[in-house]
Amino acid sequence: MKEHPQLTFIGAGNMARAILGGLIANGYPANRLAATAPAEQELKEAADAFGIPTSTDNQTFMADCDALILCVKPQVMQAVCEGLADAVQQRRPLIVSIAAGVSCEQIEAWLGGDLPVVRCMPNTPAQVHLGASGLYANPRVSEAQREIADNLFSAVGIVAWTSKQEDIHTVTALSGSGPAYCFMFMEAMEEAAASLGLNPASARTLAIQTMRGAAELATRSEESPAQLKKRVMSPGGTTEQAIKSFEEQDMKAMVKTAIRKAWGRSYELSGERAPE
């Protein structure tokens with residue numbers, strides 16, 4: 001594998017710029033990166049921030065492209081792919097897609113078939129290089145190409161590979177949508193503290209740092225979340241009372257139901273039927 005494969009991004013929105021920023025921060029040469037998009041303002045922001053070549057024509061950087069990263073909305077994916085099919089079939093680069101609900105098989109078909117495709121579900125914390133990305137590779141992806149995809153998303157967080165494409169639906173419901181669950185819990189903590197008289201600004205600062213610290217503690221610990229939870233609780237103490245309240249309202253069941261609904265919706269958006 002080349003030390004720095006030529007990477008071409010189709011689309012220069014928030015996620016594309018997050019990945020580009022992570023790559024540049026990790027020492028990836030700007031001249032081995034390129035981006036195209038219809039919006040000139042997005043391209044200007046990418047060029048100014050990272051010093052990479054850009055174009056409004058998706059064909060511009062195809063001649064020496066080693067990996068094509070599709071960062072476009074699902075509803076325009078077919079048109080974008082069909083417009084690139086001839087160039088892709090000539091070059092046959094690795095195809096990487098971050099579009100939700102679009103399968104490897106669909107992307108392959110739109111691009112002319114028989115191509116290595118990696119499907120990824122990143123999440124918004126990738127914008128601060130703390131993302132969690134689930135990846136699936138079709139059988140035509142080589143080990144060297146798998147490494148390219150792994151390096152791409154490792155630049156903005158952690159990577160978890162799945163052996164089955166359908167697992168991407170679960171990744172979508174867990175980590176893809178997950179930041180919103182965390183923000184909702186954070187919002188509830190803030191509002192509860194403010195309702196008890198704490199200054200709203202202090203409530204927000206403390207809620208954010210508490211969640212950030214708990215996540216970091218879980219990252220560094222070999223103990224399970226259940227064990228870490230018990231370490232915060234003292235018999236008859238304040239934490240025990242709060243946990244008992246969550247248990248009485250069956251918080252775990254609520255979370256399971258919510259994630260299952262997100263999982264089911266992911267199947268719906270891809271035109272598939274969720275398993276019973």
Seminar exercise, completed: Restricted to region 7-170, the DSSP antiparallel beta bridge percent, nearest 5, is 15 percent
For this session: Holding the Cα-Cα limit at 25 Å, pick out from 164/230; 229/252; 230/261; 73/261; 73/256 the pairs that are longer than that.
Result: 164/230; 230/261; 73/256
Exercise. For region 6-79, what is the convex hull volume of the alpha-carbon atoms per residue, in Å³?
Worked result: 82 Å³
For this session: Provide the solvent-accessible area of residue 40, counting protein heavy atoms only and rolling a 1.4 Å probe, rounded to the nearest 10 Å².
Result: 130 Å²
Seminar exercise, completed: Heavy-atom accessible area of region 114-181 with neighbours in place, 1.4 angstrom probe: carbon+sulfur share in percent works out to 55 percent
For this session: May I have the pair-distance distribution P(r) for region 177-269, computed from all Cα-Cα distances with 10 Å bins from 0 and rounded to whole percent?
Result: 13, 36, 39, 11, 1
For this session: Return one number: the angle in degrees, 0 to 90 and rounded to the nearest 10, between the long axis of the Cα atoms of helix 14-25 and the longest principal axis of the Cα atoms of the chain.
Result: 80 degrees
Exercise. So for 36, 60, 172, what's the accessible-area order with a 1.4 Å probe, most first?
Worked result: 60, 172, 36
For this session: Whenever you get a sec, line up 130, 206 from highest to lowest accessible area (probe 1.4 Å, protein heavy atoms).
Result: 130, 206
Problem set entry | Candidates per GluC sites (Glu not before Pro) in region 157-228, loop by DSSP, up to 16 other Cβ within 10 Å | 166, 222, 223
Exercise. For region 1-144, rounded, prolate or oblate, judged on the Cα gyration tensor with a ≥ b ≥ c (square roots of eigenvalues), a/c < 1.5 rounded, else prolate if a/b > b/c?
Worked result: rounded
Exercise. How far, in degrees from 0 to 90, does helix 40-50 lean away from the longest principal axis of the Cα atoms of the chain, to the nearest 10?
Worked result: 80 degrees
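Output the antiparallel fraction of DSSP beta bridges having both residues in the chain, as a percent to the nearest 5.
15 percent
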Seminar exercise, completed: The answer for the net charge of residues other than residue 46 whose Cβ lies under 12 angstrom from its Cβ, with Lys and Arg +1 and Asp and Glu -1, is -2
Seminar exercise, completed: Summing -39500 (n - 2.57) over every DSSP H run of at least 4 residues in the chain and dividing by its residue count gives a helix-only mean residue ellipticity at 222 nm, to the nearest 500 deg cm²/dmol, of -16500 deg cm²/dmol
Exercise. Computed from these coordinates, which is Kirkwood radius over Cα pairs in Å: [x] 19.0; [y] 22.5; [z] 20.7?
Worked result: [z]
Exercise. Quick one: accessible area per residue over region 73-149, 1.4 Å probe, rounded to a whole number of Å²?
Worked result: 42 Å²
Exercise. Angle, helix 238-248 long axis vs. longest principal axis of the chain, Cα atoms, 0 to 90°, nearest 10?
Worked result: 70 degrees
For this session: Tabulate in residue order the Karplus-calculated ³J(HN,Hα) for region 265-276, using 6.51 cos²θ - 1.76 cosθ + 1.60 with θ = phi - 60°, rounded to whole Hz; enter x for Gly and Pro.
Result: 5, 4, 4, 4, 5, 8, x, 10, 9, 5, x, 6
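The values are calculated or read from the model by the stated rules, or taken from the named source; none is laboratory data. The model shown is predicted, which means the values in this text are computed figures rather than measured ones. Glycine also receives a Cβ, built like all others from the backbone with ideal geometry; neighbour counts cover every protein chain displayed. Accessible surface is based on the protein model in full, side chains and every heavy atom, while ligands, DNA and RNA are left aside. Shrake-Rupley method; radii C 1.70, N 1.55, O 1.52, S 1.80 Å.
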